[in-house]
1. Output the number of residues of segment 281-294 satisfying the condition of being surrounded by 10 or more Cβ atoms within 10 Å (Cβ to Cβ) and part of a loop (DSSP other than H, G, I, E, B).
2. If a residue counts only when it is among the small types (Gly, Ala, Ser), open to solvent by less than 20 Å² (accessible area, probe 1.4 Å) and at pLDDT 90 or above, which strands (runs of 3 or more DSSP E) contained entirely in segment 295-355 have at least 1 such residues?
3. What is the residue count in segment 5-16 for residues that are open to solvent by 60 Å² or more (accessible area, probe 1.4 Å), in contact with a helix residue (DSSP H, G or I) (Cβ under 8 Å, 6 or more places away or on another chain) and over 14 Å from Lys153 (Cβ atoms)?
4. Kindly list, by first and then second residue, each pair from a residue in segment 208-227 that is over 15 Å from Asp187 (Cα atoms) and open to solvent by less than 70 Å² (accessible area, probe 1.4 Å) to a residue that is at pLDDT 80 or above and aromatic (Phe, Trp, Tyr), limited to pairs with Cβ atoms under 7 Å and residues at least 6 apart or on different chains.
5. Within segment 35-66, which residues are modelled with pLDDT under 85 and in contact with a Leu (Cβ under 9 Å, 6 or more places away or on another chain)?
6. The conditions are (1) of a type in the set (A, V, I, L, M); (2) more than 30 Å from Glu268 (Cβ to Cβ); (3) modelled with pLDDT of 85 or more; (4) loosely packed, with under 15 Cβ neighbours inside 10 Å, and Val194 fails exactly one of them. Which is it?
7. How many of the residues in segment 101-153 are assigned to a strand (DSSP E or B) and in contact with a His (Cβ under 6 Å, 6 or more places away or on another chain)?
8. Of all residues in segment 123-169, which are loosely packed, with under 15 Cβ neighbours inside 10 Å, charged (D, E, K, R) and more than 18 Å from the chain's Cα centre (by Cα)?
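The values are calculated or read from the model by the stated rules, or taken from the named source; none is laboratory data. Please read all numbers here as calculations on a predicted model, not as lab measurements. Glycine also receives a Cβ, built like all others from the backbone with ideal geometry; neighbour counts cover every protein chain displayed. Calculation scope for accessible area: heavy atoms of the full protein, side chains included, ligands and nucleic acids excluded. Shrake-Rupley method; radii C 1.70, N 1.55, O 1.52, S 1.80 Å.
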Amino acid sequence: MDLKIKLEQLHQKVIGLKEQIGTEEATKNAFVMPFIQILGYDIFNPTEVVPEHVCDIGTKKGEKVDYVIKNNDEPIFIIECKHWKENADAHNSQLHRYYHVSKTKFGVLTNGIVYNFYADLEKPNIMDEKPFLTINLEDLKDSSIKILESFTKTGYNLEDILGSAEALKYIKAIRKEFEKEIENPSDQLIKLLVSRFFDKPINANRLIAFKEYTKKALTTSINESISFRLKSALSINEQIEKHDDKNIQPVDENNETPKFITTEEESEGFQIVKAILREKIPSERIAPRDTQSYFGVLLDDNNRKPICRLHFNTTNKYLELFHNGKDAGEKMPLNDLDEIYNYRNELHQTLEIYN
């Protein structure tokens, strides 16, 4: 059976049982041991899965790690378990000590739901502070599962794991730096980009101006990319709906035609507004409300809590905002739907009025 399917089945088991699991030991038996079995190791074979393995550390005797997993009698990774309610990141200092004396290449810290995999990429025989791989049963990612396959009994490949671990480490680091640059572009990045089209000296005043330009350019580029993906998704959904409509027979030929129809532009505008609002509130609180004259977006589906209105039924398009109060709507002209992103602060401010 596919590894992802097995992990999804384990997740369903976790959902059904976790409220009845009151101890760390029960977490190991109900959640962690099935995870080890999914990787192909025999939990009843002490040559493959060694429970309560002694890891004496200096003067500390009798220290035990929960599991040592072996492949062809070679220790592959150790697992330290915590109760499912505990944070899987909160005890890596203990795993750090065990790792140093266990002679394995990898350490796993888990609460039965989140599995953090550590290596020694920074310094040999010293476990890194941050995991290179995280398997979260509540948020399974195909890219992570592919790496996990290299930890299985039949698919174990040390070189593949180390290569993936190093790649993930640097990808995470680069992404973190990129996100910093988006939020607050550095002087180095600004000068690098501007020097490619601006051949005059960049003095202090120009640097300040270009900093704002750079920040807006990066944000706009990302927003346009998101918008493009939304358009693609909406187009696919529309094609599916049209296909399904062909197979639907009308129940009553005399049914009255609705007085208004949600247009593709209104749907796209709503998705953009929803993406902005989800930065502050869950999607279930964002409700669409179409009318003959406008397409409204409400908080909690409450007419007394309008967030905005899309006026797209006229030649000129407008976004009506309510950041000054529900009775003080302000219409903003839109040349392009992507300009909705320019009113992120006003939309967030409207939510604060109602909370």
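1. Number satisfying all stated conditions: 4.
2. On the way: elements: 295-299, 306-311, 317-321, 330-334.
Passing ranges, in order: 295-299.
3. Count: 1.
4. Hits for this filter: Asn223/Tyr341.
5. Correct list: Val65 only.
6. Condition (4) is where Val194 drops out.
7. So in segment 101-153, the residues assigned to a strand (DSSP E or B) come out as 106-110, 114-118, 123, 126, 133-136.
Now narrow it down to the ones that are in contact with a His (Cβ under 6 Å, 6 or more places away or on another chain): none.
Residues in segment 101-153 being assigned to a strand (DSSP E or B) and in contact with a His (Cβ under 6 Å, 6 or more places away or on another chain): 0 in total.
8. Those that are loosely packed, with under 15 Cβ neighbours inside 10 Å, charged (D, E, K, R) and more than 18 Å from the chain's Cα centre (by Cα): Lys123, Glu129, Glu159, Glu166.
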